[in-house]
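Novice: Sending over a structure as structure tokens; questions will come in a sec.
The values are calculated or read from the model by the stated rules, or taken from the named source; none is laboratory data. Source: prediction; values computed, not measured. Here Cβ is always computed from backbone atoms with ideal geometry, including for glycine, and neighbour counts include all displayed protein chains.
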């Protein structure tokens, strides 16, 4: 597909490596040891966020913080059970009521996690998101359209604004932002969602640039096409792309949380890519400064 079409070069991006729709041996939780790590999952109540929190426990993560607007009490018990079933020690779990669009709420979450986790956080996972009903600009609901920016962009900014100081005091210093393949295209009606996800990719570049010397690494990930409540807000004719299992993004995020990967700093990463093949392209990616947005002229 030509790069100047509404869908851009999405096909070329998605086929960068072998494509996966479910977990696979290279990112297996059995091969990923997160003992000693502390991780915060924002947007953890359901879907990919919930699966990620459970996968962190299975990988032996010692300190897991979860945040969402809805009740998380059941998930706390599920996390403990997941760790036990995997033969891991019960992690310290911090559950927080969180509104990512509220400066006060995010600051309070950062203060609480700092207090509980000794002032540091290894990995921040910005998973909260919104997808409005897709309509042309003049027909859209301004409140609903802007809500995508409030959650996807402002929420991601606030999480990093308040948690980067904690990341700087840790070993892994990793911030994972949730974007989408939607950031690569221009589908009529999707102006709020797709442009907000484009902004998230650029925010990842800013964080990488501003904090590279301090050791922060930041990735903007496409979390796959998973059958979540949020994803079903897309038009029905797009539901056919929802063919990924929740374990694929969850296990990929756990793999990314294992260690710092400066060569991916500020870059777009699709969880559908084969991570072993992606690693083999490391030199090419760094030398060409690939997987970032640039204007073709």
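Novice: Please work out if residue 245 is in contact (Cβ under 8 Å) with a residue 12 or more places away in the chain and surrounded by fewer than 21 Cβ atoms within 10 Å (Cβ to Cβ).
Specialist: Criteria met by residue 245.
This table checks each residue for (1) assigned to a helix (DSSP H, G or I); (2) under 19 Å from the mean Cα position of the chain (by Cα).
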residue: 220; (1), (2): no, yes
residue: 229; (1), (2): no, yes
residue: 237; (1), (2): yes, no
residue: 260; (1), (2): no, yes
residue: 283; (1), (2): yes, no
residue: 286; (1), (2): yes, no
residue: 297; (1), (2): no, no
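Novice: Please indicate, with yes or no, whether at least one residue in the range 280-294 is under 30 Å from residue 169 (Cβ atoms), surrounded by 23 or more Cβ atoms within 10 Å (Cβ to Cβ) and modelled with pLDDT of 95 or more.
Specialist: To start, the set of residues in the range 280-294 that are under 30 Å from residue 169 (Cβ atoms) comprises 282, 285-286, 289, 291-292.
Checking the rest, the ones that are also surrounded by 23 or more Cβ atoms within 10 Å (Cβ to Cβ) come to none.
Looking through the range 280-294, none of the residues is under 30 Å from residue 169 (Cβ atoms), surrounded by 23 or more Cβ atoms within 10 Å (Cβ to Cβ) and modelled with pLDDT of 95 or more.
Novice: Still on this structure: For the range 100-120, give me each residue that is within 17 Å of residue 70 (Cβ to Cβ), in a helix (DSSP H, G or I) and either modelled with pLDDT under 95 or in contact with a helix residue (DSSP H, G or I) (Cβ under 7 Å, 6 or more places away or on another chain) (or both).
Specialist: Across the range 100-120, the qualifying residue is only 106.
Novice: Check residue 153 against each of (1) under 18 Å from residue 38 (Cα atoms); (2) without any contact (Cβ under 8 Å) to a residue 60 or more places away in the chain; (3) in a helix (DSSP H, G or I); (4) touching a helix residue (DSSP H, G or I) at 6+ places or on another chain (Cβ under 6 Å) and name the one condition it does not meet.
Specialist: Condition not satisfied by residue 153: (1).
Novice: State all residues of the range 167-197 that are in a helix (DSSP H, G or I), in contact with a strand residue (DSSP E or B) (Cβ under 8 Å, 6 or more places away or on another chain) and at pLDDT 95 or above; if no residue qualifies, say none.
Specialist: 167
Novice: Being within 15 Å of residue 291 (Cα to Cα), modelled with pLDDT of 95 or more, out of contact with any helix residue (DSSP H, G or I) (no Cβ under 7 Å at 6 or more places or on another chain) and crowded, with 21+ Cβ neighbours inside 10 Å is true for just one of 220, 208. Which residue is that?
Specialist: The unique qualifying residue is 208.
Novice: At pLDDT 95 or above and closer than 24 Å to residue 47 by Cα: which single residue out of 262, 249, 235 fits that description?
Specialist: 249
Novice: Next question. Please report, ordered by residue number, the strands (runs of 3 or more DSSP E) entirely within the range 23-99 with at least 1 residues that are surrounded by 24 or more Cβ atoms within 10 Å (Cβ to Cβ).
Specialist: Passing ranges, in order: 38-42, 63-68.
Novice: Residues 136, 165: which one is more than 13 Å from the chain's Cα centre (by Cα) and farther than 22 Å from residue 254 by Cα?
Specialist: 136
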